[in-house]
Every structure is written in C-alpha cells, then in structure tokens.
1. Looking at region 1-41, which of its residues are at pLDDT 85 or above, assigned to a loop (DSSP other than H, G, I, E, B) and more than 17 Å from GLY55 (Cα to Cα)?
2. Looking for something within 30 Å of GLY195 (Cα to Cα), modelled with pLDDT of 75 or more and either open to solvent by 50 Å² or more (accessible area, probe 1.4 Å) or assigned to a helix (DSSP H, G or I) (or both) - is there at least one such residue anywhere in region 260-268?
3. Which one of the conditions (1) open to solvent by 20 Å² or more (accessible area, probe 1.4 Å); (2) modelled with pLDDT under 90 does LYS79 fail to meet, given that it meets all the rest?
4. In region 223-259, how many residues are at pLDDT 80 or above and either outside any loop (DSSP other than H, G, I, E, B) or at positive phi (or both)?
5. One residue is enough: does region 62-71 have a residue meeting the conditions at pLDDT below 85, in a loop (DSSP other than H, G, I, E, B) and among the aromatic types (Phe, Trp, Tyr)?
6. Quick one: how many residues across region 40-51 are over 15 Å from ALA22 (Cβ atoms) and in contact (Cβ under 8 Å) with a residue 12 or more places away in the chain?
Amino acid sequence: MSLGSNIQFYRKKNSLTQEGLADVMGVSRQTISKWESDQAFPETDKLITLSERFGCTLDELIKGNAEDSFASDNAGYDKEMNRFTAAICAGTAVVLTGLSLMLLLSGLFADLSGKEGTQQLSTVFVGIFLLFVAIGAAIFIVGGIRHGQFVKDNPNIVPFYTDQQKNKFRRKFPVLIATATVIVLVGVIIVVILGGFSTPENMSEDNFGTLVALPLIVCVTVAAPIFIYAGMQYSKYDIESYNKENNPDKTPREKLVSAICTAVMLTAVIAFLLMGFLGELWNIGWVVFPVGGILCGIISMIFSVKEK
C-alpha cells in the first residue's frame, strides 16, 4: 500500500473524517485528500504527528501495508483480560479488607468484653472475616469460570497490539510497581514507629500488637491489587505467551510446573487458615501468599533452565 492508502486506512480505523483529521493536523480537508490520493506528500513534522496519532511507526506509515499489519481484536481479548484482571484485583481487595476489619475489631473491642466475652467476640470477628472471604471467593470463582470459558473458546489470539501500545504500558509498569512498593514500605515504617510506644493500660499486649500490625495490613490491602493489576496487564500484552500457555499440546514439563504451582498456592491457603484458627496469627499469616508466589517463580525458572 502507498503512503496515501495507509493514511486513509488509519484515518478510517480511528473513525475520523477527512475534516476531522484536517482539524487535528492543522491543515485543510483538501490537503488530506491530496495526501490520501498520493498527489502530495506530508512534511516530516506532519508525518511524525500522523504516526503518533495513529499509533504506528514512521516505517509502518510510509513503507508498510497498514491493512495487512493491522489485526483486529475480533475475539474481545482485551476486554476479557481487563475484566479478568478487575475480578482478581477485586477479590483480593475484598479478602484483605476483611482481614483488616477483623484485626481492627479485635484490637479495639476484644478487651472491652472481659475474659468471658473475649472468645465470643473473637468468633464473631472471625465470622466477619470469613464472610469477606466468601465474597472474595465468589468473585474469584465467577471470574475464573468466565475466563476459563473464554480461553477454551479462544486458545489462540492473533497478535494485534501495536508497539506503541506495548511501550506505553511498559513505561507505566515500573511506576505501578514502585507505587505499590512504597505503599508497603510506608506500612512497615508506621509499624516500626508504633512499635516504639508502650501498651496502653486498658489493652492487652496481644491486642495492642494487633493494632500495631494493622497499618501494614491496610497498606498491603491497597498495594496487593496494584501489584496484581500491573502483573496481569503486563502479561496481557504478551499474546505469544498466552497462545503458548493455552496450547492443548503443552509438554509434560509445562503441565508439571502448572500442577506444582497450583499445589504450592493451595498449601499457602491451608497454611494461612491453620495459622489463623489454631495459632491466632492472622496478623502475620498473609506472609505465606507472597512466599508461595516466590516459590512458584523459582520453580518456573528452574524448569525453564532445564528445558533450555
């Protein structure tokens, strides 16, 4: 395709009329018409503006075949991945919010009930937490089933993201990770500062320790969805890996890695519940989840190296 044909194709793809593109470019409609009919050639600064507006490189605009290289998201992959990301982030936020609320209530009110009522209140607080867990689990299950069906129906996606779209998020990715990390560090700093205070007379040492740990849990509640969003959105743009992951002809090694990682995360969930119910260690039990994620990463790297 010629430059003029490429300009016309990208203009229509962006739902622009010749008048609309002329307004964007600061030229007349007749100029746009001449460009598209190859009767005139845009100046260098106009070419740069066109490539930025259309989300393509100069080479793609001048020498490429826009119609052949432009792939449409016919399967609704982008919308589905955004929806699935939102479901996982929401489910995680709900569960962690329940944990934060349980710790807050335990720290504030458990000592006010006296020794006889402490156990009853603790049961109520745990019940509130489990209610949030049930809501979070429902979000995970619904989101997972819908995503699983989408993957089953669309195991292979034709890559359609442009380099500009990928690079735009890649520039955003480190900002998201840094923001979430700073939020967690702020929580750690607050815990360290509060840890320097003595236990109030009307509060037990255990409950005061719970309140001291609460800011960190709240910060993790905020940061965890950001981490998840950044990671899942980063993976979204790697369609090649999506196709490889959902290939029905996966190697036994890949199936083994997937099974091991599933077992690791299931073990983390069991460990978290046991630490909470048997040891009342809800305030630190969440650590098992990042540990499980790290183990899965190490396992994947080990098998990847062996495969190479």
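1. Correct list: THR17, GLY26, VAL27, SER28, SER37, ASP38, GLN39, ALA40, PHE41.
2. Of region 260-268, the ones within 30 Å of GLY195 (Cα to Cα) are 268.
Add one more test, that the residue is modelled with pLDDT of 75 or more, and what stays is 268.
Filter again for either open to solvent by 50 Å² or more (accessible area, probe 1.4 Å) or assigned to a helix (DSSP H, G or I) (or both), leaving 268.
Yes: region 260-268 contains one or more residues that are within 30 Å of GLY195 (Cα to Cα), modelled with pLDDT of 75 or more and either open to solvent by 50 Å² or more (accessible area, probe 1.4 Å) or assigned to a helix (DSSP H, G or I) (or both).
3. Only one criterion in (1) open to solvent by 20 Å² or more (accessible area, probe 1.4 Å); (2) modelled with pLDDT under 90 is unmet by LYS79, namely (2).
4. Kept after step one, since they are at pLDDT 80 or above, are these residues of region 223-259: 223-243.
Checking which are either outside any loop (DSSP other than H, G, I, E, B) or at positive phi (or both) leaves us with 223-236, 239-243.
Residues flagged as at pLDDT 80 or above and either outside any loop (DSSP other than H, G, I, E, B) or at positive phi (or both) within region 223-259 amount to 19.
5. Going through region 62-71, the residues at pLDDT below 85 turn out to be 62-71.
Now drop any that are not in a loop (DSSP other than H, G, I, E, B), which leaves 63-65, 70-71.
Next, from what is left, pick out any that are among the aromatic types (Phe, Trp, Tyr): 70.
Looking for residues that are at pLDDT below 85, in a loop (DSSP other than H, G, I, E, B) and among the aromatic types (Phe, Trp, Tyr), one finds at least one in region 62-71, hence yes.
6. First, the residues of region 40-51 that are over 15 Å from ALA22 (Cβ atoms): 41, 44-45, 47-48, 51.
So of that shortlist, the ones also in contact (Cβ under 8 Å) with a residue 12 or more places away in the chain come out as 41, 47.
The number of residues fulfilling the criteria is 2.
Yes/no matrix, rows are residues, columns are (1) modelled with pLDDT of 80 or more; (2) surrounded by fewer than 17 Cβ atoms within 10 Å (Cβ to Cβ); (3) in contact with a strand residue (DSSP E or B) (Cβ under 9 Å, 6 or more places away or on another chain); (4) β-branched (Val, Ile, Thr):
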position	(1), (2), (3), (4)
GLY144	yes, yes, no, no
GLY148	yes, yes, no, no
PRO155	yes, yes, no, no
ASN167	yes, yes, no, no
ARG170	yes, yes, no, no
PRO174	yes, yes, no, no
GLY187	yes, no, no, no
SER204	no, yes, no, no
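The values are calculated or read from the model by the stated rules, or taken from the named source; none is laboratory data. Everything numeric in this text was worked out from a predicted model, so none of it was measured. Reconstructed Cβ throughout: ideal geometry from the backbone, glycine too, with neighbour counts over all protein chains shown. Accessible surface areas use protein heavy atoms only, side chains included; no ligands, DNA or RNA. Shrake-Rupley method; radii C 1.70, N 1.55, O 1.52, S 1.80 Å.
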